[in-house]
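Trainee: Let me begin by handing over the structure; questions about it come next.
Read-outs throughout are calculated quantities, based only on the coordinates presented, and are distinct from any laboratory measurement. Everything numeric here is computed off the predicted structure, so don't read it as measured data.
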Amino acid sequence: MTKKDDWRSTGNSVREFSRVDGIERIYMLFGKFGGTFDVRTRPYQDCLSEVAVTHSPRYLIDMTLRRGQTIFDKIGIAYDELRTDPQIIARIKAHYRAQLKEGQELWWLQEDAAVSPVIRPFSSLSPEDKHRLKVEAYVLFPEILGRSTTKFERVAAAWIADHAVVSASLRDLFTAGGRVDVAALGSLPQIIAQFHDLAPDILRALATIEADRLAHYWRTTAIAEDRLDQWLALVEQHDNDTHDMPAVTVFEHGMRRDE
């Protein structure tokens, strides 16, 4: 029911944990108490328009939904097939991931991850955590090495979704300070100089980050056996001619500097 003059509401969990064995069909009995009181009933699956997230993914109910506009029509799967699929969350996430625009992310990407309910500013983190997030940014978002004006948007979204961390000056964390002299390479932009200095840590992170997380942020369906080569190809794809030398060359030099 709703106290508003509307036929929409938040429904139950997509997992249907409380569904009793033997229940073949569910019908929605919906009372609208706002405006002129009215009641409508429809088969449950015929009035589920989308999935939203409170503490867990839940259906959105719309009693005025037209035929062919349910969330199941959009995903391309029948209600009974989806609700009994052990990978239901993955199927739903895949649907919404496919619609993401540049800079957008799903904040419920890792369903079982324990993320702090408190949003923390980057400046309050320990030096170790700051270092880890910057290294991770180079691994997951090689586009930050390019020239796009929106190249840090996905980093900002991921820090909030995965770590409950925000930064009011995220770009400055990578670019402030102008150019930096790097031994044997000369003067480089700050973001490339950091890329050089963090090379060994980037390589270690590349080997330990979960494959499905890499696949999501790299916008690919599979992670190659040689992750390094796959990542370097992405670096080359996003690199441009403004850094005086290729970013891959800078990274390789950073890996060799202690030899």
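Trainee: Enter the angle in degrees (range 0 to 90, nearest 10) between the Cα long axis of helix 247-256 and the first principal axis of the Cα atoms of the chain, meaning the one along which they spread out most.
Mentor: 60
Trainee: Compute the angle between helix 127-140 and the longest alpha-carbon principal axis of the chain, please, reported from 0 to 90 degrees and rounded to the nearest 10.
Mentor: Between the helix axis and the principal axis of the chain, the angle is about 80 degrees.
Trainee: By how many degrees, between 0 and 90 and to the nearest 10, does the Cα long axis of helix 153-163 differ from the longest principal axis of the chain?
Mentor: Once rounded, one gets 70 degrees.
Trainee: With 28 Å as the limit, write out which pairs from 3/101; 74/101; 101/134 have Cα-Cα distances beyond it, or answer none.
Mentor: With Cα atoms farther than 28 Å apart: 3/101.
Trainee: Please work out, to two decimal places, the log10 of the ratio I(q)/I(0) at q = 0.13, 0.22 Å⁻¹ from a Debye calculation in which every Cα of the range 120-256 carries one identical scatterer.
Mentor: -0.53, -1.59
Trainee: Here's another thing I want to ask about it. Report the extension gain between residue 4 and residue 233 in nm, rounded to one decimal, defined as 0.36 nm multiplied by the number of residues separating them, less their alpha carbon distance.
Mentor: Length gained, residue 4 through residue 233: 77.1 nm.
Trainee: In addition: For volume of the Cα convex hull per residue in Å³, the choices are [x] 129; [y] 170; [z] 144; which was calculated from the structure?
Mentor: [y]
Trainee: Whole number please: convex hull volume per residue of the Cα set in the range 8-97, in Å³?
Mentor: So the per-residue hull volume is 114 Å³.
Trainee: Grab the Cα-Cα distance for residue 171 and residue 197, subtract it from 0.36 nm times how many residues apart they are, and report the gain in nm with one decimal.
Mentor: Gain in length upon complete extension: 7.6 nm.
Trainee: Once each part is reduced to its C-alpha centroid, what is the distance from the range 115-189 to the range 14-38 in angstrom?
Mentor: Rounded to whole Å, the Cα centres lie 45 Å apart.
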